[in-house]
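The values are calculated or read from the model by the stated rules, or taken from the named source; none is laboratory data. The model shown is predicted, which means the values in this text are computed figures rather than measured ones. All Cβ positions, glycine included, derive from the backbone under ideal geometry; neighbour counts span all protein chains shown. The area values use the complete protein model at the heavy-atom level, side chains included, leaving out ligands, DNA and RNA. Shrake-Rupley method; radii C 1.70, N 1.55, O 1.52, S 1.80 Å.
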Amino acid sequence: MIEQNLCLLLVVIPLIAAPVTAMLPAGRTPWFFTLTITWLCFVLSIWQLTIVLDGSTISYELGGWAPPWGIEYHIDALNAFVTLIVSGIAAITLPYALRTVENEIQRRDTSLFYAVFLLCFVGLLGIAQTGDVFNLFVFLEISSLSSYVLIGMGQRRRALTAAYQYLIMGSIGATFLLIGIGLIYAETGTLNMQDLHQRLQPILDHRTVHTGFIFLVVGIALKLALFPLHLWLPNAYKYAPSAISVFLSATATKVAVYVMLRIVFTVFSIDFLKITSTEFIFLMLGAFGVLVASTGAIFHYDIKRILAYSSIAQVSYMVLGMGFASTLGVTATVVHMFNHALMKGALFMAAGAIVLRIGSSKFENIYGIGRQMPWTFAAIFIAGLSLIGIPGTAGFISKWYFMLAALEQQAWLIALVILFGSLLSVVYMWKIFEALFFHRPTNTSPPVSEAPLSLLLPMWTLVLANIYFGINTDLTVSVAETAVRLLGITAYHE
Amino acid sequence: MIDTIIGHYNYWVVILLMMAGFYTVINRGNLIKKIAGLNIFQTSVFLLYISIGYVNEGTTPIIAEGFTRYANPLPHVLILTAIVVGVSTTALGLALVVRIKRAYGTIEEDEIHDKDMSL
């Protein structure tokens, strides 16, 4: 009974829980309720992944309307994997959220805060679960609108302008997506992804299809902060409440990358990508994104802002992987989606712990803090090594696959960009290490204590996961390979 | 040639509105005008969808004696959802503008930028 409705339950449970949370009395009750819901979804998403791990698919007809007329949830390894990332990060963020939210959000707003958090969660889960492009647009807007609210709840007034800027850019992106969906609907008369794929193949040379494709890709590129459409991201992640920085940086852009994979490879096809030379555009934008964003990170003196720029660079790596349009390249993208969620989650958690103790993430206020908060600093150090791609950490596995994909196609320049990007990440991570540990503490500030256990435990869970998935790659790589095979991507041949 | 231009006049209106709205969003520094531009931009997409659903000589999609050609109701239903999304985006955007006005005392983009930099 539960197993048959698993993929719908994952969306319906948090959707119903959100208004309930809004009505709960302020304080710790809404937090505990949200915690239960996210852990429940986490368990369900693991269950769902075990069903589709062998390469099978689940097809769920909403309301008993057979696809392509009704909305279909079509779950394969990729959907289940993205759902696992979103619900896993939410489940690990919630224990962390308790103290930081008490510190940053007024007590009377807590019920609403957690209700909006659940809405954002349901939006991201819905995007990952649905098999219908218009349904995808609706879930995208649910998650976007709620993330504007969450970012706007930051303490500083600049959180408001950051949220406003994100709202304008995000709405333009969503509207572009809507235009694209309208144009391909006009050509095919269907909205179901599998059905769209069938009907688009004979008419891939139509101009309307090409125009629709461009609108879709630009719209999604805005959502995933692909260079040069990334300008909304640094402020949004910098001024958001700490728990929201963690959650959004680890999930939102990853889900957007998933949408790009789905639209490009499932709705259109890898042949279409090659006919239109989109793969070349992905390679170029990815390479420039890595270089520009990593260089940008070096010139900032604020942990959260450096991490935000680093997020743009890491998303560019994922787009780069798609640009290879080969099994290895897209496998690297899918593996990196997971690994990046682990490392960026841990890093933003550590940054949030420093904000909790000091009230700022600017370098001038936190010199030498690493010695007073050794566990937090150690977490930043290990997760930082993972971000750089040191062997023995999860980041190394992703970088390894990106390099393999580049070398397979003898794309020497791209391989050089990947290496140089890692070098730049050494520079900006070293700046953080130096400021936190080696720099002389500013005398004016009184000594602070280590972050509370409720922050350290989730942080260190993610740090240990970084090490575990750097040594045992069975889960990530096998899921990614199954997912890539189902996307219809073949190995690269000269 | 003339027929194509006149025959597709609804699409020309869509393009005109789309460009006008998009230009306003990008070009205007006033936060409320930006939201108004975004609204026009979104409305043009609603018109596009409604135009797509039209069938030549089709009537309202209600089953009745003597009518065999119906307009496609699906795009119209889709756009009802998109209108709801558009209304919520506008409401949220305006709410943010109210908060920004309280925090900064202005809703001009360049003045807000100056105030942030002067800190």
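If the condition is being within 7 Å of chain A (Cβ to nearest Cβ) and either touching a His at 6+ places or on another chain (Cβ under 9 Å) or open to solvent by less than 60 Å² (accessible area, probe 1.4 Å) (or both), then region B:98-119 contributes B:Ile100, B:Ala103, B:Tyr104, B:Ile112, B:Asp116. Every listed requirement among (1) more than 30 Å from A:Tyr239 (Cα to Cα); (2) part of a helix (DSSP H, G or I); (3) more than 8 Å from every other protein chain (Cβ to nearest Cβ) is met by A:Val217 save one, (1). Scanning region A:415-427 for residues that are touching a Phe, Trp or Tyr at 6+ places or on another chain (Cβ under 8 Å) and over 18 Å from A:Pro391 (Cα atoms) gives no hits.
So that you can scan it fast, the table gives a plain yes or no per residue for (1) in contact with a His (Cβ under 7 Å, 6 or more places away or on another chain); (2) assigned to a helix (DSSP H, G or I); (3) within 13 Å of chain B (Cβ to nearest Cβ); (4) farther than 27 Å from A:Gly88 by Cα:
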| site | (1), (2), (3), (4) |
| --- | --- |
| A:Glu102 | no, yes, no, no |
| A:Val116 | no, yes, yes, no |
| A:Leu125 | no, yes, no, no |
| A:Asn135 | no, yes, yes, no |
| A:Leu150 | no, yes, yes, no |
| A:Gly180 | no, yes, yes, yes |
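Search region B:84-97 for residues being more than 8 Å from chain A (Cβ to nearest Cβ) and touching a helix residue (DSSP H, G or I) at 6+ places or on another chain (Cβ under 7 Å), and hand back the single one that is nearest to A:Arg157 (Cα to Cα). So, considering only residues that are more than 8 Å from chain A (Cβ to nearest Cβ) and touching a helix residue (DSSP H, G or I) at 6+ places or on another chain (Cβ under 7 Å), the one nearest to A:Arg157 (Cα to Cα) is B:Leu94.
Taking A:Gly286 as meeting all but one of (1) within 30 Å of A:Gly131 (Cβ to Cβ); (2) touching a Pro at 6+ places or on another chain (Cβ under 8 Å), write down the number of the exception. Unmet condition: (2). Just one residue in the set B:Ile50, B:Ile79 is of a type in the set (A, V, I, L, M, F, W, C), within 12 Å of chain A (Cβ to nearest Cβ), within 22 Å of the chain's Cα centre (by Cα) and surrounded by fewer than 18 Cβ atoms within 10 Å (Cβ to Cβ); that residue is B:Ile50. Of everything in region A:152-164 that is facing chain B (nearest Cβ under 7 Å) and aliphatic (A, V, I, L, M), the residue that is surrounded by the most Cβ atoms within 10 Å (Cβ to Cβ) is A:Ala163.
The residues of region A:466-481 that are surrounded by fewer than 22 Cβ atoms within 10 Å (Cβ to Cβ) and either among the hydrophobic types (A, V, I, L, M, F, W, C) or in a helix (DSSP H, G or I) (or both), listed by number, are A:Ile467, A:Tyr468, A:Ile471, A:Asp474, A:Leu475, A:Val477, A:Ser478, A:Glu481. Tell me, please, whether a residue that is over 20 Å from the mean Cα position of the chain (by Cα) and among the polar types (S, T, N, Q) can be found in region A:458-467. Scanning region A:458-467, I find no residue that is over 20 Å from the mean Cα position of the chain (by Cα) and among the polar types (S, T, N, Q), so the answer is no.
If A:Leu167 meets every condition in (1) within 10 Å of another protein chain (Cβ to nearest Cβ); (2) under 29 Å from B:Ile100 (Cα atoms); (3) crowded, with 22+ Cβ neighbours inside 10 Å; (4) touching a residue at least 60 places away in the same chain (Cβ under 8 Å) apart from one, which number is that one? With respect to (1) within 10 Å of another protein chain (Cβ to nearest Cβ); (2) under 29 Å from B:Ile100 (Cα atoms); (3) crowded, with 22+ Cβ neighbours inside 10 Å; (4) touching a residue at least 60 places away in the same chain (Cβ under 8 Å), A:Leu167 is out only on (4). Filtering region A:189-210 to residues that are among the polar types (S, T, N, Q), within 12 Å of chain B (Cβ to nearest Cβ) and surrounded by fewer than 19 Cβ atoms within 10 Å (Cβ to Cβ) leaves only A:Thr208.
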